[in-house]
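The values are calculated or read from the model by the stated rules, or taken from the named source; none is laboratory data. Note that the coordinates shown come from a computational prediction; the quantities given were computed from them, not determined experimentally. Cβ placement follows ideal geometry from the backbone for every residue including glycine, while neighbour counts extend to all protein chains displayed.
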Amino acid sequence: MSYIIKTEGLCHRYSIGTPFERTAIEDISFEARSGEFIGIIGHTGSGKSTFIQHLNGLLRPTEGKVFYEGTDIWSSKATTRDIRFKVGLVFQYPEYQLFEETVYKDIAFGPQNMKLSDEEVDRRVREAAEFAGIGEELLEKSPFELSGGQKRRVAIAGVIAMRPNVLILDEPGAGLDPRGRESIIENIRRYHRATGATVIMVTHSMEEIASTVERIVVFNRGRIAISGTPKEVFSRGDELAQMGLSVPQVTSIAKRLSELGLPVDTSVYTIEQLKTALLRLKGGGKGA
């Protein structure tokens, strides 16, 4: 089996049977392979958040199915409950969900619900705290005494502590300053490298997604409009613009240089790629 999560013909409608009925997502067929790092982008209201809440059973499809390793996640109550430990979802602004007396207890909440031993819970709390960049000195503090970025880390650690095979994050850098945002994203990259878990990240930042993921899925008006590697997706800048999306600044610079007559690859999407392309130009005219 090549996928760990799969949806077929997924559709979700809100307020069915009322004057406010609306379709949030429609006919979504999607697959994520084990160990893959996927980015999801789309303008506000495109269906991204509704979609990811189906992947661990928080929302039930109006139509269509969601499969985890070949099993319909709604096939039984026990299956749905089990999926919520295997597919972890970190909401946008998850720090608003912190409620325990200490950071340690907040991180331990999920593993304790898995009926693990005290020793295993402790091991997972400390491991997750390390992955999320939380120092030992913070574990006995109240989460409400922490900064916004630290609270975000605690919330992420609480999901990581369940060791999900699929980790889904909805705008993990939202509301943080650039340094805090990059630090959080780097911790997620490190977690992905160390565990081999499938990671699905929703973000508005093209720079974050360009430098992090292997595949990008673009949502538009409740459907998947584009799916491919960062190079494939960002090479379709005009289509993205029509959806109200942009390309990374590096890609825009490369396109402008091309328009000015320089033979620069306009599909570059990271600073290193643009640097390499420019050095290649310089090397093409040796002695200059």
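For this structure, a couple of remarks:
- Any pair with Cβ under 7 angstrom, 6 or more apart, that starts in region 252-269 at a residue that is surrounded by 12 or more Cβ atoms within 10 Å (Cβ to Cβ) and ends at one that is at pLDDT 85 or above and among the charged types (D, E, K, R): THR266/LYS255; SER267/LYS231; TYR269/LYS231
- Answer from ARG13, ARG60 - the residue that is in a loop (DSSP other than H, G, I, E, B) and on the phi < 0 side of the Ramachandran plot: ARG60
- Test: residue in region 116-132 that is closer than 24 Å to PHE51 by Cα, buried (at least 19 other Cβ atoms within 10 Å of the Cβ) and in contact with a Lys or Arg (Cβ under 6 Å, 6 or more places away or on another chain): no
- Of the residues making up region 225-236, at least one is assigned by TED's automatic domain parsing to the domain that holds TYR104, free of Cβ contacts under 8 Å to residues at least 12 places away in the same chain and among the basic types (Lys, Arg).
- Qualifying residue in region 72-79 (condition: over 15 Å from VAL159 (Cβ atoms), out of contact with any strand residue (DSSP E or B) (no Cβ under 7 Å at 6 or more places or on another chain) and of a type in the set (A, V, I, L, M)): yes
- Of HIS204, HIS192, all but one fail to be surrounded by fewer than 22 Cβ atoms within 10 Å (Cβ to Cβ), of a type outside the set (Asp, Glu) and assigned to a helix (DSSP H, G or I); the exception is HIS192.
- Within region 63-85, the residues that satisfy the criterion of being among the hydrophobic types (A, V, I, L, M, F, W, C), assigned to a helix (DSSP H, G or I) and surrounded by fewer than 21 Cβ atoms within 10 Å (Cβ to Cβ) are ALA78, PHE85.
- Scanning region 86-108 for residues that are buried (at least 17 other Cβ atoms within 10 Å of the Cβ) and either touching a residue at least 40 places away in the same chain (Cβ under 8 Å) or in contact with a Gly (Cβ under 8 Å, 6 or more places away or on another chain) (or both) yields a count of 13.
- Selection within region 117-136 - more than 24 Å from the chain's Cα centre (by Cα) and at pLDDT 95 or above: SER117, ASP118, GLU119, GLU120, VAL121, ASP122, ARG123
- For TYR191: the one exception among (1) within 26 Å of HIS43 (Cα to Cα); (2) within 14 Å of the chain's Cα centre (by Cα): (1)
- Filtering region 1-10 to residues that are in a strand (DSSP E or B) and surrounded by 15 or more Cβ atoms within 10 Å (Cβ to Cβ) leaves ILE5, LYS6, THR7, GLU8, LEU10.
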